[in-house]
Structures are given as structure tokens and as C-alpha cells.
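J.: The following block contains the structure, expressed as C-alpha cells.
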Amino acid sequence: MATLDAPRIVSSRASFEDSHTLTRYLATGGYDALRKALSMFPEDVAAEVDEASLLGRGGAGFPAGRKWSMLRKSPVSYLVVNGDESEPATFKDHFLVERDPHQLVEGIIIAAYALQVSQAFLFLRGEFALGLERVQQAVNDAYEHGALGRKIFGSSFSLDIVVHPGAGAYICGEETALIEALEGKRGFPRIKPPFFPAVTGLYGEPTVVNNVETMANLPWIISNGGAAFAALGGGRSTGTRLFALAGRVKNPGVYEIEMVKNTFRDLIYDPALGGGIIDDKELKAIIPGGVSAPWFGPDLLDLPLGQDEVAEKGSMLGSGSIVVMDETTCVVRATWRITKFFSRESCGQCTPCREGSGWLERVLYRLEHGGGRAEDIDLLLDLSDNIAPGLTWPPQQTTICVLGPSIPSSIHSAISMFRDDFVAHVQHGGCPHD
Amino acid sequence: MSHFRTELRQRAEELVALYPRKRSAMLPLLHLAQEQDGYLSDEGIAEVAALTGTTPADVRGTASFYDMFHLEPVGKYVVGICTNIACLLAGGEEMLDHASATLGCAVGSTSADGLFTLEETECLADCNLAPCVQVNHRYVRTTTPEAFDGMIEDLRGGRLDHDVPSHGTLIRVRRSGGLRADRGEVVAERAEAQAAREARAAKETK
């Protein structure tokens, strides 16, 4: 049975019809955390977040407090919030920006105060038309309320937040590509080093880039204390997390549950959560953290939902997306579609990614649609090995960003776990499921 | 002479003023250009170039990187259907085929009456209601072929005009507040506050 007694840290207001309004936000303690933060020293606010051990909720899982401490001292610095949620089957930030935009705005103001930044940018996916409207409205309301702008709540702290729309490019979720897009350019990831925008970011100035969900956790952490947050979860995975459950489950959706205390089985099968597989079919495989993550089989259903726990088994919790595939799923088709996605979204700067993704996609296409050859299966692995040598996890880096080395994950997983399915496609001359 | 109509030109200038560097307004301005013309016309591109201090070639080169920008005319309604992993598992490909039949146009093309352009999209982050369908970037949440056809009829009949406004993801986004302060002034203020805090901290440790 799932453990569901943890407080709702980021989704407490979601059940209200008017959860996105300032009225509802103020009626449920909204902006109290900001008032408290403004009465503290900025470094004490940062120390509270450090104590919470809040891991970044974007995908890489880097400790937010440590990211902040790396910010190079400079008269001008920026906070950029990453709301370009595009990892396939990830829809938790979409939920947060539409359902509780004030919580996000308050989190951004608290972070900006801790960092002593006077300009923040919120980069939101262009496809979130309603999200853009609601977040801009929340920003407008916050100005009106005195929570944003000059001398916030009568303190000496001033901040402006600009809501910036993206325009449809998965790669802009990569923080340096996002910065390029924010500078009005093509979303090309920047060459590393420097590895962190905290050194050289927007306009060459020190910049902290944090995910939407990371920001949304801050009001609760300031109100209740970092220790209270750290008391939830287990090991390095503290607090709760939003999991976006999708695929062949009865109740797909966004669920906030305590980290580590619950397993994949709890999330997928508990009647209060996923409710089990559609038509009570057999589970075939899980993609545990976005399509960049290696897959798990049913043997790992009892693995706790924690960052290190999942990493130890050779995958990642990543973006918090969990896709369920069942016995009716054609894994060759799934792998082909995922690879087609990467091929379409490759920015084209690096040869292994640009050429490799297209080549892999064409081989998978012919396996699925007829014309596949017996040697194609090993060809897929060989090509994958050229993009991420050794096919290890985490993958070897051959490209500017991690998009390229993420491509082989699904291919390597599918062939390792279900080679017979690929062989059947060759023998059948196409997909036997059709 | 501005190609943007007066109200749009004003919004464009407000957007440019929000950023430390003009070029940063590139993506929002391209959304505005598309809001007026439905796609990025030569005139719209030239105006964005002038507003951002770049060239039309640079603007076009940037715009072509992004999926949401159309460099050719599109229908009044751009119908996007996701076939990525979560939608694939929920019949996204079948929905795309169905939409193509209903609208009478191939994926990537526009219906004969000029009303609809059909696109196959990547994940639109609404996977609990798969397969995901957006019209002009509004989630219409039709997960069955019957619901999809009903929605198209409603669009034709003008019954969804409120839910699905025309092009432009920013069409209802308007900023009303702002810092309205010199950046230097804010930086100076911040330094002053820091000094005050240091004084307070020194006093507390004494």
C-alpha cells in the first residue's frame, strides 16, 4: 500500500476550482512565506533551502542550495526559471503553472531574495497558452499586491519578473540552450566548460537556472523550515515529489507523494494513485524518468521512488515522468517513436547526435514497418555505441549536451530486455501486432 | 510605416523595453507577428528585425529553429496531435489518421477551405488526457474520434471562438505591472541594503 500521509507541499490548492487566483492564494496562506523570508538575512534563507536538501526537480537532480552557492559575485546577476517542460510524458510543470501560478511566483521571489537578484525571467513553453496567461496574471496581481516590484512589502528588496514564452524546441530545456533562446537566438546548447551558468550565463553574467517545481517548493520550506522538509523522504531524496504517471494505467495523472517511502508498484497499482494496468493486463516495462532514461522491467516494481535508489539500478528518476507499457505494447514501435522524437529535436551541432539519431530512426522504422534485416538489431547497438561509447549509465559524453547520449537509452533497454520482439519483427517482415 | 497594427506595435515596444538587450524580445515578437498575420510574413519578419536591431535573414534563421513558427501561411486553426510515447500508447497515431480523414488534408498541409492545418506534434505535456489534441495551442481534450469530429464541427460553427482564439499564444497575455525603475538605481539600492544588513549582523554578533 502506498504511504500517503505526507503533507502536500506543492499541490495543496489544486482541488480548488479557483486555485490560480490571488484571492484563493491569500486565503490559504499565500505570500506569508515571502514576508517571513524578507525578515530574514538572504544567506539564512539560502541556508534553510540548503538544510532542506532540496534536489532540483528538472531532471538532473542537482542540489538547489549548492547551485545557488556557486553563483559568481557580480553587480549584475540573474535568476532564470526553467518552465520549458518538454521531456515526453512529463506534465507536472504544466500542472503547476496552470493550477498554482502564485505559488510559483512566490517561490521565485524568495529565491531571488536569497540570491539578491533584482531581475528574474520565467521561461515557459510557448505551447502553454493558458499557463502563460495565468502566470502573467499572477505576476500582475503580485505587483498590485506589493509582493513584486519596488521595495517589496516595504522592505529594501526590489525585483522584476519577466514571463518569457518559448516557441517549441525540446532542446531549450537544456539550461544553456534556454539562455540562448532567452537572448533571442536559436536554442543551441553552449560548449562546456564553463559547466554552470552560475559562472557565465545570460548576457555573460552569473545566472542561476532552476526548474518550476523546485521554485514551487520554496514557500513551504520557508514557512515550515528546511528541517521539516528534510524529515520527509529518505536518504538524499528529501520532501515530496510530483510524479507524472502516463501510459497504460487506469488513472494517469500528476501525483504528489513522499519520496522513497513509495515504490513504483505503489504509484502504478494503488487505487488512490495509478489504479493498475488498463484491463488488468500484465506490465511489460516502465520508463522511469522521461524517455532519456533506461527502462525497468516488472522485477524492479518494488524499488523505492528515490533518486539514488533508481540510479543504483542503472536509470534515473529524471523529470519525474513514469510511463507504463503493458503486454499489448509493441516495444519496437515505442522505441522507434522515441528515437524519431530525438531525431526531430536534435539541434544539429554535433555529428553523433545529428547523424546518429536519423540513422537509428530509419533502421527502427524499417524494422517496424517492413524491410528490417536480421543484422539491423546489432547495427542499432553499434550505432548507439558510437553516440554513447560502452552504453553505460550514466552515458559517456560525446556531444555538447546530454540529448545525444540519451538517444541510446530506449534502444539499448528494448533490445536487452525484448530482443525476441525485434527478431519477430524481422521474421514477420514488419510489426506482428498490426 | 509599421506593418504591425497600432495596438500590436505598442505591445511590441513594451516587450522590447522589458529586456536588458533588445534581441531578447525575439521570440515574443515573433509570436506577435504570427498573431497578426497567422504566419511569419516578409513584412512581419522585417518589423521584428527592426525592433530587435537584427536583419531579416537573422530573424528568419532564428524562427526556423522553432516548431511554433510558421514560415508559410497556415489555416485559421492549426490542429496539433501528439503521437509521442504517452499518446502512442493511447492511440495517437490512429487519432492523427482519423483527423487527416476528417479534415481532408495530409499531415503538414492545409484543408482545401483554408480553415485547418494539421500537424503531428511532439509531447504537449497533457499526457493524462491522451491522445493530446491542441488547436491554436489550446488543449481541446478530445480523446476519441467522435469527440474530435464534434469539436471540428463546433469550430466550423464558431461555437468555440472563446475557447480557441486565433493565432498567437500571447493573444491574451498582457503585462500590467513593472519595475519602472532605473536598473542602476536598483543595483545601488541593493548595495545599500547589503551594507545595512552587514551592519545589523555585526551588531548582533557583538
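The values are calculated or read from the model by the stated rules, or taken from the named source; none is laboratory data. Values in this document were obtained by computation on a predicted structure and should not be read as measured data. Reconstructed Cβ throughout: ideal geometry from the backbone, glycine too, with neighbour counts over all protein chains shown. The protein model used for the area step is the full one, side chains on, heavy atoms only, and it has no ligands, DNA or RNA in it. Shrake-Rupley method; radii C 1.70, N 1.55, O 1.52, S 1.80 Å.
J.: For region A:289-301, what are the residues that are touching a Lys or Arg at 6+ places or on another chain (Cβ under 9 Å) and free of Cβ contacts under 8 Å to residues at least 60 places away in the same chain?
T.: A:Phe296, A:Pro298, A:Leu300, A:Leu301
J.: Any residue at all in region A:142-155 that's out of contact with any Cys (no Cβ under 8 Å at 6 or more places or on another chain), part of a strand (DSSP E or B), within 13 Å of chain B (Cβ to nearest Cβ) and under 21 Å from B:Cys82 (Cα atoms)?
T.: Scanning region A:142-155, I find no residue that is out of contact with any Cys (no Cβ under 8 Å at 6 or more places or on another chain), part of a strand (DSSP E or B), within 13 Å of chain B (Cβ to nearest Cβ) and under 21 Å from B:Cys82 (Cα atoms), so the answer is no.
J.: Just to verify a result, which residue in region A:350-379, among those that are in a loop (DSSP other than H, G, I, E, B) and buried (at least 16 other Cβ atoms within 10 Å of the Cβ), is nearest to the other protein chains (Cβ to nearest Cβ)?
T.: Selected residue: A:Cys350.
J.: Select from region A:123-141 the residues that are touching a residue at least 60 places away in the same chain (Cβ under 8 Å) and more than 9 Å from chain B (Cβ to nearest Cβ) and list them in ascending order.
T.: Result: A:Arg134, A:Ala138.
J.: I've got another one for you. Looking at B:Pro131, B:Pro145, which is the one that is more than 9 Å from every other protein chain (Cβ to nearest Cβ) and surrounded by 20 or more Cβ atoms within 10 Å (Cβ to Cβ)?
T.: B:Pro131
J.: Shifting gears a bit: Can we say B:Thr143 is assigned to a helix (DSSP H, G or I), at pLDDT 90 or above and either within 26 Å of the chain's Cα centre (by Cα) or not assigned by TED's automatic domain parsing to the domain that holds B:Gln34 (or both)?
T.: No, not satisfied.
Let's see how each residue does on (1) over 21 Å from A:Pro101 (Cα atoms); (2) over 19 Å from the mean Cα position of the chain (by Cα); (3) aromatic (Phe, Trp, Tyr):
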| site | (1), (2), (3) |
| --- | --- |
| A:Val10 | no, no, no |
| A:Phe16 | no, yes, yes |
| A:His20 | no, yes, no |
| A:Ala27 | no, yes, no |
| A:Gly30 | no, yes, no |
| A:Leu38 | no, yes, no |
| A:Glu43 | yes, yes, no |
| A:Ala47 | yes, yes, no |
| A:Phe62 | yes, no, yes |
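J.: On to the next question. Filter region B:47-61 down to the residues that are under 16 Å from B:Ala17 (Cβ atoms) and among the polar types (S, T, N, Q) and list them by number.
T.: B:Thr52
J.: State yes or no: is A:Glu213 under 18 Å from the mean Cα position of the chain (by Cα) and either at pLDDT 95 or above or facing chain B (nearest Cβ under 9 Å) (or both)?
T.: Answer is yes for this residue.
J.: Looking only at region B:15-53, how many residues end up being open to solvent by 50 Å² or more (accessible area, probe 1.4 Å), assigned to a helix (DSSP H, G or I) and facing chain A (nearest Cβ under 10 Å)?
T.: Going through region B:15-53 one residue at a time, the tally reaches 2.
J.: Sticking with this structure for a sec: Would it be correct to say that B:Val173 is facing chain A (nearest Cβ under 8 Å) and assigned to a helix (DSSP H, G or I)?
T.: So B:Val173 fails the test.
J.: Same structure, new question: Run B:Tyr66 past the list (1) free of Cβ contacts under 8 Å to residues at least 40 places away in the same chain; (2) more than 30 Å from B:Ser2 (Cα to Cα) and report the number of the one that doesn't hold.
T.: So B:Tyr66 meets the others, but not (2).
J.: Which one of B:Ala125, B:Ala181, B:Ala193 is within 7 Å of chain A (Cβ to nearest Cβ), surrounded by 13 or more Cβ atoms within 10 Å (Cβ to Cβ) and modelled with pLDDT of 95 or more?
T.: B:Ala125
J.: Exactly one condition in (1) within 26 Å of the chain's Cα centre (by Cα); (2) open to solvent by less than 50 Å² (accessible area, probe 1.4 Å); (3) facing chain A (nearest Cβ under 10 Å) is false for B:Gly150; which is it?
T.: (3)
J.: Can you pull out the residues in region A:68-101 that are of a type in the set (D, E, K, R) and crowded, with 21+ Cβ neighbours inside 10 Å?
T.: Passing the criteria: A:Asp84, A:Glu85, A:Glu87, A:Lys92, A:Asp93, A:Asp100.
J.: Looking at region A:28-56, which of its residues are polar (S, T, N, Q) and within 17 Å of A:Trp68 (Cα to Cα)?
T.: Hit for region A:28-56 is A:Ser53, nothing else.
J.: Among the numbered conditions (1) of a type outside the set (Val, Ile, Thr); (2) open to solvent by less than 10 Å² (accessible area, probe 1.4 Å); (3) more than 10 Å from every other protein chain (Cβ to nearest Cβ); (4) in contact with a Lys or Arg (Cβ under 9 Å, 6 or more places away or on another chain), tell me where A:Leu104 comes up short.
T.: (4)
J.: Which count do you get for residues in region A:178-193 that are open to solvent by less than 10 Å² (accessible area, probe 1.4 Å) and either facing chain B (nearest Cβ under 10 Å) or within 16 Å of A:Leu122 (Cβ to Cβ) (or both)?
T.: Residues flagged as open to solvent by less than 10 Å² (accessible area, probe 1.4 Å) and either facing chain B (nearest Cβ under 10 Å) or within 16 Å of A:Leu122 (Cβ to Cβ) (or both) within region A:178-193 amount to 6.
Here is a yes/no grid of residues against (1) within 26 Å of A:Glu368 (Cβ to Cβ); (2) crowded, with 24+ Cβ neighbours inside 10 Å; (3) within 12 Å of another protein chain (Cβ to nearest Cβ); (4) modelled with pLDDT of 95 or more:
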{"residue": "B:Asp67", "(1), (2), (3), (4)": "yes, no, yes, yes"}
{"residue": "B:Glu72", "(1), (2), (3), (4)": "no, no, no, yes"}
{"residue": "B:Val79", "(1), (2), (3), (4)": "yes, yes, no, yes"}
{"residue": "B:Leu89", "(1), (2), (3), (4)": "yes, yes, yes, yes"}
{"residue": "B:Glu93", "(1), (2), (3), (4)": "yes, no, yes, yes"}
{"residue": "B:Ala106", "(1), (2), (3), (4)": "yes, no, no, yes"}
{"residue": "B:Thr110", "(1), (2), (3), (4)": "no, no, no, yes"}
{"residue": "B:Glu120", "(1), (2), (3), (4)": "yes, no, yes, yes"}
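J.: Then there is this: For region A:298-328, which positions are within 25 Å of A:Val363 (Cα to Cα) and open to solvent by 10 Å² or more (accessible area, probe 1.4 Å)?
T.: If the condition is that a residue be within 25 Å of A:Val363 (Cα to Cα) and open to solvent by 10 Å² or more (accessible area, probe 1.4 Å), then A:Glu327, A:Thr328 are the ones that fit.
J.: Looking at A:Val310, A:Val363, which one is farther than 30 Å from A:Thr263 by Cβ, free of Cβ contacts under 8 Å to residues at least 24 places away in the same chain and out of contact with any strand residue (DSSP E or B) (no Cβ under 6 Å at 6 or more places or on another chain)?
T.: None of the others qualify; the one that does is A:Val363.
J.: Turning to a different aspect of this structure: Name the single residue that is surrounded by the fewest Cβ atoms within 10 Å (Cβ to Cβ) among those in region A:1-50 being over 24 Å from A:Val254 (Cα atoms) and charged (D, E, K, R).
T.: By that ranking, first place goes to A:Asp44.
J.: Out of A:Cys347, A:Cys431, report the one residue that is crowded, with 21+ Cβ neighbours inside 10 Å, outside any helix (DSSP H, G or I) and among the hydrophobic types (A, V, I, L, M, F, W, C).
T.: A:Cys347
J.: When you look at A:Ala246, is it crowded, with 24+ Cβ neighbours inside 10 Å, within 14 Å of chain B (Cβ to nearest Cβ) and touching a strand residue (DSSP E or B) at 6+ places or on another chain (Cβ under 9 Å), yes or no?
T.: It is true that A:Ala246 is crowded, with 24+ Cβ neighbours inside 10 Å, within 14 Å of chain B (Cβ to nearest Cβ) and touching a strand residue (DSSP E or B) at 6+ places or on another chain (Cβ under 9 Å).
J.: List, please: which pairs have Cβ atoms under 6 Å, are six or more places apart or on different chains, and start with a residue in region B:17-41 that is among the acidic types (Asp, Glu) and end with one that is assigned to a loop (DSSP other than H, G, I, E, B)?
T.: Here the result reads B:Glu35/B:His167; B:Glu35/B:Gly168; B:Glu35/B:Ile171, each pair linking region B:17-41 to a residue that is assigned to a loop (DSSP other than H, G, I, E, B).
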